[in-house]
């Protein structure tokens, strides 16, 4: 199937979330102290540790700018954990549609809207796929290439690995004045690199969680909001009546290489 089986859209979403969160996190150890009394580097370190230790997290990503296209999500709302469970939604740029997504281990359900099908499968194939699926979830496992690539956005371990990979970055950090993020007192830590300013907002009360990360400058601006650390991912899945096995799309659309 053209377009939707391509890793670009799903890999981009996962990488964007990971890179935004990881951009300024570096990893020397620190002693315990009130968050506001720590240096910018120490605050970043503590936020990194909590993100790396998280068993689950809720992520909300928003992107704006001229560099996005229909193969790339401009918004993402996902709750995901280290056991490959996930629930949420994505909206693509340039009226590329949206979809709901549920993943439990190797099992995957996705419900795209018509705009998504048409953007990913041109020449009438999108309409054909939408007619087969209707107002139901497309169901299968990660053994199916289409669903495996799509479900890649649900990989919390990959996001945490990206944070680890960024731990050797040597960006100078600056601490700002305490503010609030969705009612949570947080202290901003920012740095600038390659024409982009990335700001991490770290909770100052209770556990020093990273609650927001923004990246602004040339190209696309991104805002990643994080919360519900270590809370279980909802386990409800669609019924058989509300699902269509991915095998039923065989013969309805033609497999073609992606041309993005």
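Could you please let me know if residue 81 is surrounded by fewer than 16 Cβ atoms within 10 Å (Cβ to Cβ) and more than 18 Å from residue 247 (Cα to Cα)? Answer is no for this residue.
Here 35, 68, 79 are screened, and the one residue that is under 16 Å from the mean Cα position of the chain (by Cα) and at pLDDT below 85 is 68.
Among the residues of segment 104-118, those that are in contact with a helix residue (DSSP H, G or I) (Cβ under 7 Å, 6 or more places away or on another chain) and surrounded by 16 or more Cβ atoms within 10 Å (Cβ to Cβ) comprise 108, 110, 117, 118.
Filtering segment 153-174 for residues that are in a strand (DSSP E or B) and at pLDDT 95 or above leaves an empty set. Among the residues of segment 137-150, those identified as buried (at least 16 other Cβ atoms within 10 Å of the Cβ) and in contact with a helix residue (DSSP H, G or I) (Cβ under 8 Å, 6 or more places away or on another chain) are 137, 138, 139, 140, 142, 144, 146, 147, 149, 150. Here 205, 177, 215, 193 are screened, and the one residue that is in contact with a helix residue (DSSP H, G or I) (Cβ under 6 Å, 6 or more places away or on another chain) and at pLDDT below 95 is 215. Of all the numbered requirements in (1) surrounded by 20 or more Cβ atoms within 10 Å (Cβ to Cβ); (2) part of a strand (DSSP E or B), residue 180 misses one, and that requirement is (1).
All conditions in (1) closer than 25 Å to residue 79 by Cβ; (2) free of Cβ contacts under 8 Å to residues at least 40 places away in the same chain; (3) part of a helix (DSSP H, G or I) hold for residue 146, with the sole exception of (2). Screening the candidates 101, 121 for the property of being touching a helix residue (DSSP H, G or I) at 6+ places or on another chain (Cβ under 9 Å), farther than 19 Å from residue 215 by Cα and modelled with pLDDT under 90 yields one hit, 121. When segment 88-98 is examined, which residues are found to be crowded, with 22+ Cβ neighbours inside 10 Å and either out of contact with any helix residue (DSSP H, G or I) (no Cβ under 8 Å at 6 or more places or on another chain) or at pLDDT below 90 (or both)? Those that are crowded, with 22+ Cβ neighbours inside 10 Å and either out of contact with any helix residue (DSSP H, G or I) (no Cβ under 8 Å at 6 or more places or on another chain) or at pLDDT below 90 (or both): 92, 96.
The values are calculated or read from the model by the stated rules, or taken from the named source; none is laboratory data. Note that this is a predicted model, so its numbers are computed, not measured. Using ideal geometry, Cβ is built from the backbone for each residue, glycine included, and neighbour counts are taken over all protein chains shown.
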